[in-house]
Amino acid sequence: MPATATAIVFLLLTIPLGFNNGTFAGDPVPIIFFLIAFVLFLMALLKPDLFDQKHETVSIPLLALTCAMLFPFFIPGWWASDKNLITLVRIISAGSTLGIVVLSFSKNLSTKIRWSIYAILVGTAVLLRLFTLQASPFPPIDVFIILKEAPFKLLSGINPYNTLYTAVFPKIVPDYFAYWPAAFLLQIPFVTLFGDPRVLHILADMIAALLLIAIGRSTKTAMLLSLIYLYRPLSLFIIEGSWLTPLNFCLVTASVYLLLRKRYVFAGITLGVGIGVQFFLATLILPFLKYSYRFKLFLAGALGTTALLILPFFLLSPQKFFSQTLWVYFQNPPHPSILPHTSLSLNTLFFTLTGHDLPAILTVLIALAIIILLLTKQVKTLSGKVAGVALVNFAVYLFGRQAFVNYYYFIASLLLLSLTLRMGETGQENI
């Protein structure tokens, strides 16, 4: 997928989210932008010759500059109790723009200076995330509550899928844990030591950024993509809300890195842990079909790990596990925690105009059609396959009934991974 088109789709997915809290509040513009991004995405993946591919690297510094300039305007604070600290975060965020500009457009920097600036910016990114936790120590959102409390439930001998959590939203009984077991198993040491599940997400952000450098073969372009990941709009908001997206992306990126290193079993195990966090990551199995002669090892590692993670909790209470982690997304009427008409999707827009939902089968048919198109197209590069999986998930979110800020943030993250892989595949020069 051409770099310029990827960068444009990335921005179309990212910028509209910055003008609200990631949900539909009556403004159709973000949804329309997402539809434009989807059409462009589909065209770029299926008909890449329509786009200029001669000056691909030019788009990366421009994307880095755009993200760096927007970053201070889309910082956290939605649930902040310390507004002074948020002001400090804004000041530091604005100052970090200078370092990214220097790395983007300075051609004569020595390797030592370039890596020193990068290290300072990574350290600053960590500091900004820690300040975010301090400024917003207890965001009133269900994902933060359940990720914080579920590990303690388990350590107390209580099944996290069969218990009550602290109430957050009015008229909603907090009797659900909608994620798969790795979501709370991985959190045990972090909530035990720090009392905050977001510490793991910060660590995941840093690991993912460094893995992007490694996957991109330590080039200047890979360095910029790594910084785009850390300094893009809403990255601190995602941490503040405790969404699982940073952890998901870290595990996917680690799996890709291990695959490139020909560690097929370990790549599968890593993705298996990711699937054990949220089941939709199983779609990431598709890109690895390129490695058919090792696919059985990879598949065994992924599915075996997933089975080991979920079977104990499934066998403990099959009905509870199924209803909370799978059926909750499909039941009609929806579970009270599922808010389809505040979702940033075409279904919400259609409902607003007509009072009716789009047929659920439409989402399935569109996703299947895209999969068939991609198989017919026979996308051969790993970067193209990762982009293809992102497009399939994008279709499910855009036409389905559940799509909020973290959903599109994850799609944009996959685009950065695809872009990093493409830069490596085209053999960009080392810095």
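Read-outs: derived from the displayed coordinates by stated rules, not from any lab. From a predicted model like this one, the values you see are computed outputs, not experimental measurements. Please note: Cβ atoms are built from the backbone with ideal geometry, for glycine as well, and neighbour counts cover all protein chains shown.
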Exercise. Percent of Cα-Cα pairs per 5 Å bin, from 0 to the last occupied bin, for segment 165-277, please list those.
Key: 2, 11, 17, 21, 19, 15, 8, 4, 2, 1, 0
Quiz item: In µm²/s, what is D for segment 18-107 at 20 °C and 1.002 mPa s, where D = kT/(6 pi eta Rh) by Stokes-Einstein and Rh is the Kirkwood radius from Cα pairs?
Solution: 132 µm²/s
Exercise. At 0.36 nm per residue, minus the direct Cα-Cα distance, what do Val328 and Thr381 gain on full extension? Give it in nm, one decimal, please.
Key: 15.5 nm
Quiz item: Given labels modelled 7 Å from the Cα in the Cβ direction, how far is it in nm from Leu62 to Leu365?
Solution: 3.8 nm
Quiz item: Which of the peptides 166-173, 399-406, 2-9 is most tightly packed, and how do the rest follow, going by the mean number of other Cβ atoms within 10 Å of each residue?
Solution: 2-9, 399-406, 166-173
Quiz item: What's the local net charge at Pro137, with K and R +1, D and E -1, over the other residues with C-beta under 14 Å away?
Solution: +1
Exercise. For segment 71-154, state which trypsin sites (Lys or Arg not before Pro) are in a DSSP loop and have at most 11 other beta carbons lying within 10 Å of their beta carbon.
Key: Lys107
Self-check item: Hull shadow area, averaged, the chain [alpha-carbon convex hull, nm²]
Solution: 20.2 nm²
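Where nothing but the Cβ of Lys and Arg (+1) and of Asp and Glu (-1) is charged, how large is the charge dipole of segment 41-176 around its Cα centre, in debye to the nearest 20?
Here the size comes out at about 360 debye.
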Quiz item: Cross-link list Lys262/Lys296; Lys148/Lys385; Lys47/Lys380; Lys47/Lys385: which exceed 25 angstrom alpha carbon to alpha carbon?
Solution: Lys148/Lys385
Quiz item: So for Val386, Val29, fewest C-beta neighbours within 10 Å to most, what's the order?
Solution: Val29, Val386
Quiz prompt | Student exercise, segment 3-425 dipole from Lys, Arg, Asp, Glu Cβ charges, in Debye to nearest 20 | solution = 1240 debye
Self-check item: Additional length obtainable on full extension of the chain from Leu203 to Thr166, 0.36 nm per residue less Cα span
Solution: 10.7 nm
